[in-house]
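Accompanying notes for the structure given below.
No lab work stands behind these numbers, since they all come straight from the coordinates. Predicted model only: the values in this text are computed from it and were never measured. Heads up, the Cβs are rebuilt from the backbone with ideal geometry, glycines too, and the neighbour counts pull from every protein chain shown.
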Amino acid sequence: VHNGGLYKRPFNEAFEETPMLVAVLTYVGYGVLTLFGYLRDFMRQWKIEKCQNATEREEQKDFVPLYQDFENFYNRNLYMRIRDSWNRPICSVPGAKVDMMERVSHDYNWTFTYTGRVIKDIINMGSYNYLGFAQKAGTCQEAAAKVLSQYGAGVCSTRQEMGNLDKHEELEKLVARFLGVESAMAYGMGGSELKGIIRLAVKHNLLNIFLFPLLIQGCLILSDELNHASLVLGARLSGATIRIFKHNNMQSLEKLLKDAIVHGQPRTRRPWKKILILVEGIYSMEGSIVRLPEVIALKKKYKSYLYLDEAHSIGALGPSGRGVVDYFGLSPEDVDVMMGTFTKSFGAAGGYIGGKKELIDYLRTYSHSAVYATSLSPPVVEQIITSMKCIMGEDGTAVGKARVQQLAENTRYFRRRLKEMGFIIYGNEDSPVVPLMLYMPAKIGAFGREMLKRNIGVVVVGFPATPIIESRARFCLSAAHTREMLDTV
Amino acid sequence: VQEKEELIEEWQPEPLAPPVPKDHPALNYNIVTGPPTHIITVNGKECVNFASFNFLGLLDNEKVKSAAQASLKKYGVGTCGPRGFYGTFDVHLELEERLAKFMRTEEAIIYSYGFATIASAIPAYSKRGDIVFVDEAACFAIQKGLQASRSNIKLFKHNDMADLEQLLKEQETEDQKNPRKARVTRRFIVVEGLYMNTGDICPLPELIKLKYKYKVRIFLEESLSFGVLGEHGRGITEHFGINIDDIDLISANMENSLASIGGFCCGRSFIIDHQRLSGQGYCFSASLPPLLAAAAIEALNIMEDNPDIFQTLRAKCEHIHKALQGVSGLKVVGECFSPALHLQLEESSGSREDDVKLLKRVVDYCMNSGIALTQARYLEKEEKCLPPPSIRVVITVEQTEQELDKAASLLKEAAQSVLN
């Protein structure tokens, strides 16, 4: 590990190579499925097999078709077969154990009917409930109930108009304190503000926008290979140039930075206006943690800005639960933009952005959500406030600290046991997101169903969220899981 | 290598965000203490609320709150996952069924955020190379959706059917030059039922005629008209008596009439089902917290049980529309039955900043005397067709006749003292 001196504790990450035999078999598996797909399409066209798709209206048959045939090929033939692994409806708190509504399909997953029975007490390894705050009783829930009866459920106005409640101000001050930054802003939705912030950060030369269109392209974004879809979309929409560096590979990043400063923009050779490095705290599909100390060292050396997306890592990493910055023992002032969501560790909804005061003031004035979108719902805000206070220990108990420690223990135990059993696990030893490699397309559906039979709910992912031969099952550990539950799994 | 080192040393980036002047009007938010209901406490003063989109007064309704409480006790607050991974609750399924039944369509799909609803729905169907005809006064969420879709956008003048037909004819001649391309280029018209920026409605029957003549699909955005127009509150299709299957997709957010959070799309299964895999806001975002879904279901129940509130709301809108006609210096923009009106300056002073300052003084005068109003906020540099600065007046079913009259007379006074 180069620059090992920057790390205070061992950083163990492993991505085993896919064994050759397995890769070949996987490709063969997909090939067979594709052939079958063509065959069945052929039969459907010739009406040998019944066509179960919903179809276009009679009156509109001569309109241009809404979907291209090929787009739907994957959907019809591969996805439909294992559709029951996803969108499983549940009817209880998404805690460590969950109740699921049973559903059967008589026509191979084209339609589902609910039998009305409920499967109780399924061990939940799929919800993003890292610190176990998704519970139906307890201080958080009581506080939220009080706020609900006082304020109502909705807000009916935007932040800049009449929707800025005193609760929102309280929340933002608390978030800023929690993260250790100057100021923070909270939004209703996790994904949309990503687009907003990136657009704003790189496009602020709006006064010149009509005069010098070239200036929009004056900014460079360096994004990690495996960044989440919403980050990539936001970056593309901003109009800046994007360059990708290999996942968590610091040499690749350094090379890109050097080239960018030395050579400037591709055609004009003028220097870049800003360089923004885009990384995530924990990558949800890989389970790896970003090499933050090295990234910060590079950032300081080359004077670029760092955008850290802590959607999964906030609350889940670090001795006091403050995310990946805390985990490495670094100062939050080194990160220019810290973004995160409240859905995962805090058991609520929405997201936040933290950073220096000028940045947050700029966002308060110019971001899309502040002007056009409804603000956070009050009981949700109360849930975030109570759970955050609990993690910080401000409510007087040590419950928060205990949960964070429990999560760390669970993570290490689970990963060790799985490795002992011989599975291929990706990612960092301390990451609570555990991907278990499956590879073969047939195994995806089978694994999900078998686990359900044994009353364990897991999440399986395949193409297009992961590369085609690397489908996996993903376990999300939680502080609410006890050792017996983990042993059962 | 020496040179490279020097270049690296010398390079200075620009600041990440430019500083915002302290007195920028959008920086200092109004702080509301307590619930934003009929009587609202803004910046310490108690006022009658004419600024929140709480059209049917359901924000403070006891039944809605108790349904949300029950759901809170059962499910906790958050869902901890997107719809695909154990984030689908039975309340979500129930809400989708109820919405589909209420709107008399086959299926409905829920999003957890109102802004994201139409912004995810449009790019799911319209891709690069397709053509979308949009009204000029379309709201910002629609503009974002169109931008994300990378399609060709053609703007037509607000509510001007002749202009739209002209554009459609031009497109037809283009098609004849290149029939192969025309066969795979999808075409859409995106309009709003009740426009947020201007307060008037779109001429839907003529749009339907154009739809069948030129073979374009219609996407209707009903955020303001859902729960307002029509005999039973089903929106503009009921208002005009049009068969709902003629509209390809109806999208609305639940943050106005239903006093909850989130949004939904409804239509035929053929169209809606596609969004379950390709709607960005659906697949990659956490699902709606169950207490908000339960609140929405209860709100729907109330809407179905009391169909006369829509008539009451419309009567109040007409009342205040008439009462505001005589205000000197301000003109009323919007239909007489629209619950969200704009008051614009009759004569602009020439600079937008000065107009905004004048309107702010009017708003402050009213707030000091007990009527809470707000200016309509826009992102000035990002809107395609920026509407002129205006004061937003929102009528809800809870306001009494005296309060409406008081608001009208206060506005007259304010306009007199500030603008003359």
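Below 8 Å, C-alpha to C-alpha, sequence gap of six or more: please give me the relative contact order for the stretch A:236-294 in percent. Walk me through the numbers before you get to the answer.
Working: 30 pairs, mean separation 11.6, N = 59.
The value is 20 percent.
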**Q.** Gyration tensor (alpha-carbon) shape descriptor, the stretch B:283-367, a/c threshold 1.5
**A.** oblate
Q.
Test of understanding: in a Gaussian network model of chain B with alpha carbons linked when under 10 Å, which of B:Gln311, B:Gln275, B:Gln166 would top the mean-square fluctuation ranking?
A. B:Gln166
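If I take R0 = 35 Å and measure r between the Cβ atoms of B:Arg128 and B:Leu7 in this structure, what FRET efficiency does the formula 1/(1 + (r/R0)^6) give, to the nearest 0.05?
0.40
Please rank B:Val327, B:Val32, fewest neighbouring Cβ atoms within 10 Å first, as an exposure proxy. Don't skip to the answer; put the middle values down first.
Numbers: B:Val327 21, B:Val32 27.
By the 10 Å Cβ count, ascending, the order reads B:Val327, B:Val32.
First measure r as the distance between the Cβ atoms of B:Gln166 and B:Ser328, then evaluate 1/(1 + (r/R0)^6) with R0 = 30 Å and state the FRET efficiency to the nearest 0.05. It would help to have the intermediate numbers written out before the result.
Numbers: r = 39 Å, r/R0 = 1.29.
E(calc), rounded to 0.05, equals 0.20.
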(Q) As a footprinting exposure proxy, order B:Val332, A:Val381, A:Val290 by other Cβ within 10 Å, with the fewest listed first. (A) B:Val332, A:Val290, A:Val381
Q) Sorted from fewest to most neighbouring beta carbons within 10 Å, what does the list B:Tyr282, A:Tyr187 look like? A) B:Tyr282, A:Tyr187
Q | Size of electric dipole in the stretch B:285-330: Cβ of Lys, Arg +1 and of Asp, Glu -1, about Cα centre, debye, nearest 20 | A | 300 debye
**Q.** Local net charge near B:Gly199, Cβ-Cβ under 14 Å (Lys/Arg +1, Asp/Glu -1)
**A.** -2
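Considering only the other residues whose Cβ falls under 15 Å of the Cβ of A:Lys167, what net charge follows from Lys and Arg at +1 and Asp and Glu at -1? Display every interim value, and only then the final one.
On the way: positive: A:Lys146, A:Arg159, A:Lys173, A:Lys389; negative: A:Asp166, A:Glu169, A:Glu170, A:Glu172, A:Glu382.
Within the 15 Å Cβ shell, the charges total -1.
Could you tell me which of rounded, prolate or oblate describes the stretch B:32-172, using a ≥ b ≥ c as the square roots of the eigenvalues of the alpha-carbon gyration tensor, with rounded for a/c under 1.5 and, failing that, prolate when a/b is larger than b/c and oblate otherwise?
On the way: a/c = 2.45, a/b = 1.49, b/c = 1.65.
Oblate shape, in that a/c is at least 1.5 and b/c is the bigger or equal ratio.
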Q) Given 0.36 nm per residue, what is the gain on full extension from A:Ala297 to A:Asp62 after removing their alpha carbon distance, in nm? A) 78.6 nm
Q. Long-range amide H contacts for B:Tyr86: which residues qualify at under 5 Å (H placed 1.01 Å from N, peptide plane, sequence gap of 5 or more or a different chain)?
A. A:Asn87, A:Arg88
Q.
Please check: in the Gaussian network model of chain B (C-alpha springs, under 10 Å), which one of B:Arg180, B:Arg150, B:Arg276 has the largest mean-square fluctuation.
A. B:Arg180
(Q) Among B:Gln143, B:Val228, B:Ala252, whose Cα projects farthest towards the positive end of the dipole of the stretch B:62-305, with charges put on the beta-carbon of Lys, Arg (+1) and Asp, Glu (-1)? (A) B:Gln143
Q | Residue-by-residue Karplus 3J(HN,Hα) for the stretch B:364-374, coefficients 6.51, -1.76, 1.60, Hz, glycine and proline x | A | 4, 4, 5, 5, 5, 9, x, 10, 8, 10, 8
(Q) Could you derive backbone 3J(HN,Hα) for the stretch B:167-184 from the dihedral phi with the Karplus parameters 6.51, -1.76 and 1.60 (θ = phi - 60°), listing whole Hz in sequence and x where the residue is Gly or Pro? (A) 4, 5, 5, 4, 5, 4, 5, 4, 4, 5, 6, 9, x, 5, 5, 5, 5, 10
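By its C-alpha gyration tensor, with a ≥ b ≥ c as the square roots of the eigenvalues, how is chain B shaped: rounded for a/c under 1.5, else prolate for a/b larger than b/c, else oblate? Working shown, then result.
Working: a/c = 1.26, a/b = 1.13, b/c = 1.12.
In terms of gyration-tensor shape, rounded.
Set the Förster distance to 25 Å, then compute FRET efficiency between B:Arg98 and B:Arg150 from the Cβ-Cβ distance, nearest 0.05. Could you put the intermediate results ahead of the total?
Details: r = 35 Å, r/R0 = 1.39.
Approximately 0.10, to the nearest 0.05.
If each residue of separation counts as 0.36 nm, what is the full-extension length gain between A:Lys255 and A:Val32 once their alpha-carbon separation is subtracted? Display every interim value, and only then the final one.
Details: separation 223, 0.36 × 223 = 80.28 nm, distance 4.19 nm.
Extra length available between A:Lys255 and A:Val32 comes to 76.1 nm.
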Q: Report, ordered by chain and residue number, the aspartates and glutamates lying within cross-link reach of A:Lys146, taken as a straight Cα distance under 13 Å and ignoring same-chain residues fewer than 8 apart.
A: A:Glu382
